[in-house]
Amino acid sequence: MLDDYQDLIDELLGTPKTFRDLLAGAGGAVPAEALALIAELRDRDRVVLDRLQRLTRETSPHLRALPDDAGAARAVPAESADDLLASFDTARGDLVSLLMNLTLKDWSRSATHDDGGIVTLADEVERHVEFDERQVERVDTALGA
């Protein structure tokens, strides 16, 4: 069980390096779409962190559905690629830090969810990892790699 949770954490830990490698391979000019996708993932990391903190602190939390990522209008961030990657590293670090300090009991904490039924903290993390994987693929495609 703990190995499954560690695998989720490890997947999240690899994304910042993947983005750095992808952007380094882009040869300087990074398409605005790729930057917007990275910013979107950074922002989602922050939202997920808040959701997970609520799951660990509140007695009976209710989580609203996160926006569907298909065809979302993405704003191009105003910061440089380096600043964006730094802020992504920070957001991802905050999220991973929380995950690494969870107890086994914390992973099974639950909330009601707009999508219906009950969702556990582990479910939320798994959903985020799946979003993360899709976002990495989108950035890769945007960079033409």
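Among the residues of the stretch 87-96, are any among the acidic types (Asp, Glu) and either at pLDDT 95 or above or within 21 Å of Asp10 (Cα to Cα) (or both)?
Within the stretch 87-96 (the criterion being among the acidic types (Asp, Glu) and either at pLDDT 95 or above or within 21 Å of Asp10 (Cα to Cα) (or both)), the answer is yes, since at least one residue qualifies.
Go through the stretch 1-31 and give me each residue that's in a helix (DSSP H, G or I) and of a type in the set (Val, Ile, Thr).
Ile9, Thr15, Thr18 - these are the residues of the stretch 1-31 that are in a helix (DSSP H, G or I) and of a type in the set (Val, Ile, Thr).
Give the number of residues within the stretch 80-124 that are within 12 Å of Ile38 (Cα to Cα), touching a residue at least 12 places away in the same chain (Cβ under 8 Å) and more than 15 Å from the chain's Cα centre (by Cα).
Qualifying residue count for the region: 1.
What do you reckon, is Ala34 surrounded by 15 or more Cβ atoms within 10 Å (Cβ to Cβ), out of contact with any strand residue (DSSP E or B) (no Cβ under 8 Å at 6 or more places or on another chain) and not in a helix (DSSP H, G or I)?
Here the answer is no, as Ala34 does not meet what is asked.
Take the stretch 93-108 and flag every residue that is β-branched (Val, Ile, Thr) and either loosely packed, with under 14 Cβ neighbours inside 10 Å or assigned to a loop (DSSP other than H, G, I, E, B) (or both).
The answer is Thr103, and nothing else.
Take the conditions closer than 16 Å to Thr141 by Cβ and either surrounded by 12 or more Cβ atoms within 10 Å (Cβ to Cβ) or without any contact (Cβ under 8 Å) to a residue 60 or more places away in the chain (or both) and apply them to Thr15. Does it pass?
Yes; evaluated as a whole, the condition is true for this residue.
Filtering the stretch 130-145 down to residues that are within 12 Å of the chain's Cα centre (by Cα) and buried (at least 18 other Cβ atoms within 10 Å of the Cβ), which residue is farthest from Arg64 (Cα to Cα)?
Within the stretch 130-145, the match that is farthest from Arg64 (Cα to Cα) is Val136.
Has the stretch 45-66 got at least one residue that is over 15 Å from Leu121 (Cβ atoms) and without any contact (Cβ under 8 Å) to a residue 40 or more places away in the chain?
Among the residues of the stretch 45-66, not one is over 15 Å from Leu121 (Cβ atoms) and without any contact (Cβ under 8 Å) to a residue 40 or more places away in the chain, which makes the answer no.
Quick check on Leu55: is it more than 15 Å from Val136 (Cβ to Cβ) and either crowded, with 19+ Cβ neighbours inside 10 Å or of a type outside the set (Phe, Trp, Tyr) (or both)?
Taking the combined requirement at face value, the residue satisfies it.
The values are calculated or read from the model by the stated rules, or taken from the named source; none is laboratory data. Quantities reported herein were computed from a predicted structural model and do not represent experimental measurements. Every residue, glycine among them, receives a Cβ derived from its backbone with ideal geometry; neighbour counts consider all protein chains shown.
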